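So the structure is just underneath, and the comments pick up after that.
No lab work stands behind these numbers, since they all come straight from the coordinates. Keep in mind that this is a model prediction, so the values were computed, not measured. Using ideal geometry, Cβ is built from the backbone for each residue, glycine included, and neighbour counts are taken over all protein chains shown.
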Amino acid sequence: MAEETVPAIEPADIRWQDGVPESRLFGDVYFNRDNGLEETRHVFIGHNQLPERFATLPDHASFVIAESGFGTGLNFLAAWQAWRNTPASQSTILHFVSAERYPLTRDDLTRALALWPELQDLGDELIRHYPPLVRGVHRVLLDGGRVRLTLYFGDVLDAWRELEFTADAWFLDGFAPSLNPGMWLDDAIHQIRQHSKPGTTLATFTAVGRIRRALADTGFSMTKVAGFGRKRDMLTGVIPESASETGVTDVSKPASIAIVGAGIAGSLLARNLAERGVDVTLVDGANKAGTAASGNLQGALYVKLGVEFNAQTQLALTSLLFSQRFYAPYRHNGWHPTGLLQMAWGEQEQQRQERFLDRNHYPPEVLVPVDAAEASRRTGVPVATGGLWYADSGWLEPAALCRTLADHPNIRHCFGMEVQRLSRQEDEWVIAGTGPDIHVDRVILCSGHRTPELVPLEGMSGAFRFKAIRGQVSHLPKERIHAPEAVICGPRYLNPAHQGICVTGATFDLHDLSPQESANSHRENLRELNAMLPGLWNNEPPADSEAKTIEGRVGFRCTTHDYQPVAGSLDNLEGDKLNGLFLFTGLGSKGLTYAPLLAEFLADKLTGQPACLPRSLEKRVNPHRCYRMEAAKAH
Ligand code: SAM
């Protein structure tokens with residue numbers, strides 16, 4: 001595939017033969033013509049002993065299935081159904097990690113899954129959440145989060161190199177090895193062993209000798225058994241219990257976790273862990289969640305995708321797509337998917353968008369270019385330029401959302417406790433402040449710009465390259481303007497009306513650290529908004545004096561030196577002094593978009609479950625990159 005077509009990925013080219021899908025590229029069927037579902041149950045479900053293994057899972061455990069070749073998702077749905085049929089599905093999590101180089105389009109997926117009426121409910125849910133066909137990792141939450149699908153759109157070898165997980169069972173699918181050699185390379189088989197542990201099983205429809213030997217050479221104890229229907233043989237394998245652990249290390253579930261800061265990052269992480277059955281303590285100086293930077297009435301779900309499809313753009317795109325799926329259940333509870341216009345405002349941005357569209361190919365589900373007339377129609381406001389339209393974006397009520405998220409029986413609130421000091425005593429962390437000490441195994445600091453001062457580095461808080469940036473928003477009475485029907489982003493953003501106002505902002509004050517609202521900042525917001533949308537006002541544009549009558553709110557964004565977020569542990573940063581301490585901050589003004597995926601990632605790490613970020617993006621968000629060794633040494 002030509003480089004310039006990124007991030008879109010080439011879809012499967014399907015030929016329907018008597019209603020059954022076949023790949024034109026590989027010249028093979030996706031599943032057995034006689035009865036694909038029964039074959040899946042025989043080969044993959046039965047020979048991995050899944051029903052028996054699901055039935056004995058302890059509470060809060062997770063079970064990880066990895067598959068090569070997601071195809072129509074039939075194997076996945078059959079596994080999900082088998083898991084659902086066991087009582088364990090109420091208190092455990094099923095992870096399914098699958099790689100797919102040529103994903104089916106949503107239409108083909110819908111047509112293929114229509115063949116299985118008994119899987120219809122599950123199939124419909126998968127189709128609703130099926131990601132757009134762009135490269136990279138997509139974490140899909142299903143069945144209320146009890147089923148977590150990690151779909152890697154790309155080559156299987158890259159998938160196994162990039163993803164971090166340890167499988168309990170493998171579904172080695174793919175087309176026949178003679179037609180699909182790329183799926184069965186020795187390197188891929190080596191990777192399969194790397195992602196396995198003693199007790200890991202595998203099943204595959206093929207019985208080809210080379211593959212049996214390669215799997216056996218890596219350490220699987222292989223057996224040839226009867227295949228399905230007319231197929232004489234198939235293979236099963238298991239890593240003997242006596243084998244050494246070479247797989248990715250499992251982090252055992254920590255006994256106790258505290259999260260400091262109940263803004264959007266902390267609330268999302270607390271909720272994520274709570275829903276996985278983990279008890280968490282959520283600490284905040286205020287008496288409720290969402291009062292600081294996440295306390296605004298409205299916030300846009302927005303990222304600026306880069307012209308180059310590099311790691312930074314990939315992180316922004318993956319976060320955007322995940323957050324759009326994540327917020328869907330909050331539709332009547334803080335999430336407003338109105339669509340969002342990224343205006344091609346000014347010559348520079350216009351040229352940037354042209355280059356962006358030239359060099360990239362995004363599916364229309366993600367974004368489409370629109371001209372000024374179309375942009376005006378979609379937003380309901382006369383706009384002078386077109387831009388990029390994100391149909392599935394919109395705006396959120398961040399403060400309300402934080403409160404909803406923080407309200408869960410597994411989340412213990414320690415609100416009204418100003419944290420003053422963190423210290424490590426033997427193997428535990430002690431959080432001290434204006435309340436009783438809290439003793440826990442792991443602490444996650446989600447304290448925005450206050451995060452560095454809480455890291456116990458003996459006064460070396462400057463060692464972290466974080467910056468507080470003041471942002472003031474202005475509340476425009478909706479009668480004053482043509483309130484937009486969708487979010488408009490340019491040098492300022494403007495939201496649709498909510499409770500009689502439209503929030504616009506925010507200033508970006510690098511040198512002003514005043515927490516007070518200022519008329520100057522309102523003036524700046526009004527001026528910028530007027531320049532961006534001169535046709536916005538019902539009567540006259542606002543006079544400078546109007547700034548004094550406007551209300552708003554001040555918040556402080558925490559940004560890093562490279563404007564990328566931070567989510568990860570401080571393990572090994574200073575010997576073992578900071579082990580068990582995590583940072584989740586540096587979200588700048590894009591917290592609503594980045595935080596759902598990064599909360600998912602941290603919860604994966606904290607519970608030892610498969611990671612939703614590939615290693616290359618995990619590196620991007622690692623807090624170690626923000627640590628200034630020299631500053632620490634000079635101290
Ligand atoms: N498990 C699927 C199901 O339940 O429908 C059927 C899988 S089909 C037999 C094989 C799949 O492997 C195809 O979707 C194909 O595009 C994918 N594939 C082939 N070569 C690949 C590669 N090198 N990396 C990733 N996927 C590949």
Quiz item: What is the gain in length, in nm to one decimal, between residue 216 and residue 563 on full extension, counting 0.36 nm per residue of separation less the C-alpha to C-alpha distance?
Solution: 120.2 nm
Quiz item: Listed here are the pairs 304/467; 197/605; 590/619; 288/605; which of them are more than 25 Å apart at the Cα?
Solution: 288/605
Quiz item: Which residues in the stretch 560-589 have a backbone N closer than 15 Å to a point placed 7 Å from the Cα of residue 628 along the Cα-to-Cβ line?
Solution: 560-563
Quiz item: Over what distance in Å are the Cα centres of the stretch 223-243 and the stretch 286-324 separated?
Solution: 46 Å
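Between residue 551 and residue 571, take the C-beta separation as r, use R0 = 56 Å, and let me know the FRET efficiency to the nearest 0.05. Please list the in-between numbers first.
On the way: r = 45 Å, r/R0 = 0.80.
The computed FRET efficiency comes out at 0.80.
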Exercise. Compute the separation of the alpha-carbon centres of the stretch 553-615 and the stretch 483-545 and state it in Å as a whole number.
Key: 30 Å
Quiz item: Using 1/(1 + (r/R0)^6) with R0 = 51 angstrom and r between the beta carbons of residue 10 and residue 537, what's the FRET efficiency to the nearest 0.05?
Solution: 0.60
Self-check item: Relative contact order of the chain, defined on C-alpha pairs under 8 angstrom at six or more residues apart (%)
Solution: 14 percent
Quiz item: Among 390, 152, what is the fewest-to-most ranking by other Cβ atoms within 10 Å?
Solution: 152, 390
Self-check item: Rounded to 10°, Cα long-axis angle of helix 519-532 versus longest principal axis of the chain
Solution: 60 degrees
Quiz prompt | In range of the label at residue 256: residues from the stretch 426-461 whose backbone nitrogen is under 18 Å from the point 7 Å along Cα→Cβ | solution = 426-445
Self-check item: Rounded tilt (10° steps) of 120-129 against the dominant C-alpha axis of the chain
Solution: 40 degrees
Quiz item: When DSSP beta bridges are limited to those with both residues in the chain, what percentage is antiparallel, rounded to the nearest 5?
Solution: 65 percent
Quiz prompt | Prolate/oblate/rounded call for the stretch 14-238, Cα gyration tensor, a/c under 1.5 rounded | solution = rounded
Exercise. May I ask which residue of 260, 299, 569 lies farthest towards the positive end of the charge dipole of the chain, with charges of +1 (Lys, Arg) and -1 (Asp, Glu) on Cβ and the Cα centre as origin?
Key: 260
Quiz item: Which net charge results when you count Lys and Arg as +1 and Asp and Glu as -1 among the other residues whose beta-carbon is under 12 Å from that of residue 40?
Solution: -3
Practice problem: Give the residue from 46, 176, 606 lying farthest towards the positive end of the charge dipole for the chain; charges sit on Cβ (+1 for Lys and Arg, -1 for Asp and Glu) and the dipole is referred to the Cα centre. | Solution: 606
Exercise. Determine the gain in length on full extension of the stretch residue 121-residue 544; use 0.36 nm per residue of separation and subtract their C-alpha separation, reporting nm with one decimal.
Key: 146.5 nm
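Could you work out how much longer the chain between residue 232 and residue 111 gets when fully extended? Use 0.36 nm per residue separation minus the Cα distance between them, nm to one decimal.
Working: separation 121, 0.36 × 121 = 43.56 nm, distance 2.99 nm.
So the extension gain works out to 40.6 nm.
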Exercise. Kindly express, to the nearest 10 degrees and within the range 0 to 90, the angle between helix 209-218's C-alpha long axis and the longest C-alpha principal axis of the chain.
Key: 60 degrees
Quiz item: Under the classification rounded if a/c is under 1.5, otherwise prolate if a/b is larger than b/c and oblate if not, where does the stretch 538-613 fall, given a ≥ b ≥ c as square roots of the Cα gyration tensor eigenvalues?
Solution: prolate
Exercise. Would you please classify the overall shape of the stretch 340-391 from the alpha carbon gyration tensor, given that a ≥ b ≥ c denote the square roots of the eigenvalues, rounded means a/c under 1.5, and beyond that prolate means a/b larger than b/c while oblate covers the rest?
Key: oblate
